[in-house]
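For reference, the structure discussed in these notes is given below.
The values are calculated or read from the model by the stated rules, or taken from the named source; none is laboratory data. Note that the structure is a prediction, hence the values are computed from the model and not measured. Neighbour counts are summed over all protein chains in view; Cβ atoms, including those assigned to glycine, are modelled from backbone coordinates with ideal geometry.
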Amino acid sequence: MKPGEKFLPEDFRLTESTLAWVAEKHPTLDVPDTLERFCDNAAAKSWAYRDWQAAFRNYVRNGKLYGGVTYKQGKNDDPLWAAVLQDARKFGFRDPHAIETPASYRTQLMLWRQSAQVSPATSQSNVRKLSDALKFVSAK
C-alpha cells in the first residue's frame, strides 16, 4: 500500500458532491446497487485508495471493466447498450442474454443480419429450434 492509501472505511457513504456528480453525468445510474457492488469489490479485492469518492467516480466511469455498474431500467438506460438495442429493435432481433456485452451483442446482430440477407428463412430468429438442429445433425 502506498503512503496515504487506506482500505474502504466501514462507514463509507457517498458525499453530496459525488451524488450531484452522478445525477448530472449518469442520471439513470442505480446508485444503491452500484454502490453495493463497488463496496463488495473493494472489500473482496482489498482495494486501497487515498480518495474513496474519486475511486467511486472512476468505478462508475469504468464500470463495464468491473461489471458492477447497473442502471435503473437495466440495459435500456445504459448508454453503452442504448444504440445497439435501438438497432436490434428495428430489425426485430432477440433481446440480449444476461452475459452478453454490448460489443458481443452488436456482433451477433451483424452476423444475424448477414445470414438473413443470404437466407430470409433465418431472419425470424438467430437461434435454431432444438428439433431443427437435431434434424440437421442427424442428416450429416
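Values computed for the structure shown
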quantity: Test: residue in region 37-49 that is among the hydroxyl-bearing types (Ser, Thr, Tyr) and either at pLDDT 85 or above or crowded, with 18+ Cβ neighbours inside 10 Å (or both); calculated: yes
quantity: Residues of region 93-117 that turn out to be touching a helix residue (DSSP H, G or I) at 6+ places or on another chain (Cβ under 6 Å) and not in a helix (DSSP H, G or I), as a count; calculated: 2
quantity: Scan of region 4-56 for residues that are free of Cβ contacts under 8 Å to residues at least 24 places away in the same chain, part of a loop (DSSP other than H, G, I, E, B) and among the charged types (D, E, K, R), ordered by number; calculated: Glu10, Asp11, Arg13, Lys45, Asp51
quantity: Selection count, region 1-16, where residues are surrounded by fewer than 13 Cβ atoms within 10 Å (Cβ to Cβ) and closer than 22 Å to Pro79 by Cβ; calculated: 0
quantity: Odd one out for Met1, checked against (1) farther than 21 Å from Trp81 by Cβ; (2) part of a helix (DSSP H, G or I); calculated: (2)
quantity: Complete set of residues in region 1-35 that are closer than 20 Å to Asn62 by Cβ and in contact with a Leu (Cβ under 9 Å, 6 or more places away or on another chain); calculated: Phe12, Leu14, Val22, Ala23, Val31, Leu35
